[in-house]
1. Among the complete DSSP H segments of chain A, which ones combine at least 15 Å of alpha-carbon extent along their axis with a mean Kyte-Doolittle hydropathy of 1.0 or more?
2. Going down the table (A:K88/B:K181; B:K119/B:K142; B:K119/B:K181; B:K22/B:K142; B:K156/B:K181; B:K29/B:K78), which pairs top 23 Å between alpha carbons?
3. Tell me, what is a quarter of the convex hull surface for the C-alpha atoms of region B:5-224, in nm² with one decimal?
4. Suppose all protein chains stay in the model; what accessible area per residue would a 1.4 Å probe give for region B:229-304, in Å²?
5. Over all residues in A:5-12, what is the mean tally of Cβ atoms on other chains that come within 10 Å of each residue's Cβ?
6. How big is the Cα convex hull of region B:108-247 in projection, averaged over all directions, in nm²?
7. Does anyone have the angle between helix B:269-278 and the longest principal axis of chain B? Alpha-carbon axes, 0 to 90°, nearest 10?
8. Magnitude of the Cβ-charge dipole of region A:1-151, K/R +1 and D/E -1, about the Cα centre, nearest 20 debye?
Amino acid sequence: MTPHEQFVAFMTILRKEIKRYTRIWTQTLLPSAITMSLYFVIFGSLIGSRIGDMGGFTYMQFVVPGLIMMAIVTNSYSNVVSSFFGSKFNHSVEELLVSPTPNYVILMGYVLGGVSRGLLVAIIVTIVSLFFTQLHIHNIFVVVAIVLMTSTLFALAGFINAVYANSFDDISIVPTFVLTPLIYLGGVFYSMNLLPAFWAAVSKLNPLVYVVNAFRYGVLGVSDVSLPFAFGMITLFTVAAFAFSMHLLNSGKRLRQ
Amino acid sequence: MISALTIENLSKSYGNGFQALKGISLEVKQGDFFALLGPNGAGKSTTIGIICSLVSKSGGRVAVHGVDIDEDFPAAKKFIGIVPQEFNFNQFEKVRDIVVNQAGYYGLPAQQAAERADKYLKELGLWDKREVASRMLSGGMKRRLMIARALVHEPKLLILDEPTAGVDIEMRRSMWDFLRKINAEGTTIILTTHYLEEAEALCRNIAIINHGQIVEHSSVRDLLRRLHREVFILDCAGMLPESVAVDGFVTRVIDEHSLEVEVEKGQHINDVFAQLDRAGIQVTSMRNRANRLEEMFVNLVEGAA
Ligand SMILES: Nc1ncnc2c1ncn2[C@@H]1O[C@H](COP(=O)(O)OP(=O)(O)OP(=O)(O)O)[C@@H](O)[C@H]1O
Ligand SMILES: [Mg+2]
């Protein structure tokens, strides 16, 4: 395929993905808006007012960036995992597999689909958060970069999950038993400084720690981990996830017989 | 001229160790209308799956319009349009979107994709249903949707895996007419079928596959001729000469007392007796020699039942 043809194929996948999640917006966009509002009310306003300062900010200010990140992570992940697994399940993935579209274009199409949903939900949640607190952006470049990198990373993770999944159970097991704990233990709700040394060290293996703290730096200007190190780790995780996804596509594992 | 499809010694063992293809070879010429006939489980869909990359081969070679799939699969894929045996579109997507998206996967710009999609949806009688979610179509309409989808990039080679399964007679006729038309316009067509009648009605050349092996590969006409030919062995009184000529019939002297005669469909065996009588040859008894092809068909049909 010529580069232009590849671009057409890419846009076709991306457009189809966007159409999919906007058509079922009550399942894809609305839930995050509702759960995040609840988080803001309960953790931010009700409980938060009793917690006092965290990292030099009100608890509400502290937790908002983490919650936005949480929405981005879950939405980019679940968009790709359900869409790609769905197309495997109903065999419509064969439409792509029989076409000359190169594998990396297929991957980018699905990943960008997940990224776009992550961004859209991030915007919705941010708007909701403005009803509860004021947001000052400390460094817009860090914010944008982290949002894009994070949604890419978790869209890739969702893709890998989808390739391995054989049933609808398999696409909810990982989010429930892996992703959610990682998010909760990733410093969305607390500062790493509160952890005993051992658990702080273990947390360094959790990609969510870097994602949440780098984003918090972008918004508030504070972070529990060094910013360059966080960027480095996110890049490392993303490159590994991309390489592994490409390997899965190229080997045809679980896609071709 | 380059063949539309060349398959050499193709083999496939599935993950569970089952050998579905045992080294098949096939040749389909450009412009041909080709049938791949075989009972359930013969290996038809496996063969087609390999050609369009949904199944990985275990050995052998496949070339589409001279392009080896091991060397440049994307280029080979551009030549192929595929209509699979099972429905494989998203049932929640709209009919037109399915076809337009497929065009996009082949790199057709939006404008052209839309024009082509509309053209084939009209030709296949799906225009009225274009804005309907595909799950609302009837089975026959779904199959036609897959044909429209397969044609949207105007492939040189259209492969249909049991296109008329579950399609009523009237619809089958109109589908046949449509396939004949696009074949006449230059598209090479390969279809799989369980029915010799379908191959007979549509196809020029045929391969018969059974248990992962090609058991016949010839023109449909030749196959039918051989299928309907009966061979009789006549036991004769007295010594037969070295050769016996019977006008209009192929004969062979097997030994001094037995003569073999081939009788084609439409010929009369009386003619044979009359001529032998004139030549002074007395026939004492006669038996039918088994027709290998016919036996095979009986087996295939029984095997499939
Ligand atoms: N994924 C698979 N794993 C193991 N065996 C398989 C697989 N797919 C097909 N087979 C086996 O391979 C053989 C050939 O199957 P194939 O689908 O190619 O047959 P077919 O000629 O298309 O039959 P039908 O007319 O029923 O569609 C069958 O015995 C089938 O059970
Ligand atoms: Mg089949």
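1. Details: long enough: A:3-23 (30 Å, -0.62); A:59-89 (43 Å, 0.92); A:103-129 (39 Å, 1.76); A:140-164 (36 Å, 2.24); A:207-220 (19 Å, 1.17); A:227-251 (36 Å, 1.49).
Span-like helices, by this rule, are A:103-129, A:140-164, A:207-220, A:227-251.
2. Numbers: A:K88/B:K181 34 Å; B:K119/B:K142 17 Å; B:K119/B:K181 15 Å; B:K22/B:K142 33 Å; B:K156/B:K181 14 Å; B:K29/B:K78 17 Å.
Beyond 23 Å between Cα atoms: A:K88/B:K181; B:K22/B:K142.
3. On the way: hull surface 47.0 nm².
Mean shadow area of the hull around the Cα atoms is 11.8 nm².
4. 63
5. On the way: counts 8, 2, 2, 10, 7, 3, 3, 11.
The mean count of partner-chain Cβ atoms within 10 Å per residue comes to 6.
6. 14.0
7. Computed tilt is about 30 degrees.
8. On the way: 8 positive and 5 negative charges, 51 e Å.
Roughly 240 debye, rounded to the nearest 20.
The values are calculated or read from the model by the stated rules, or taken from the named source; none is laboratory data. Just so we're clear, the structure is a prediction, and the values are computed from it rather than from any experiment. A quick note on method: Cβ atoms are made from the backbone with ideal geometry, for glycine too, and the neighbour counts reach across all protein chains shown. Please note that ligands, DNA and RNA were not included when accessible areas were found on the heavy atoms of the full protein model with its side chains. Shrake-Rupley method; radii C 1.70, N 1.55, O 1.52, S 1.80 Å.
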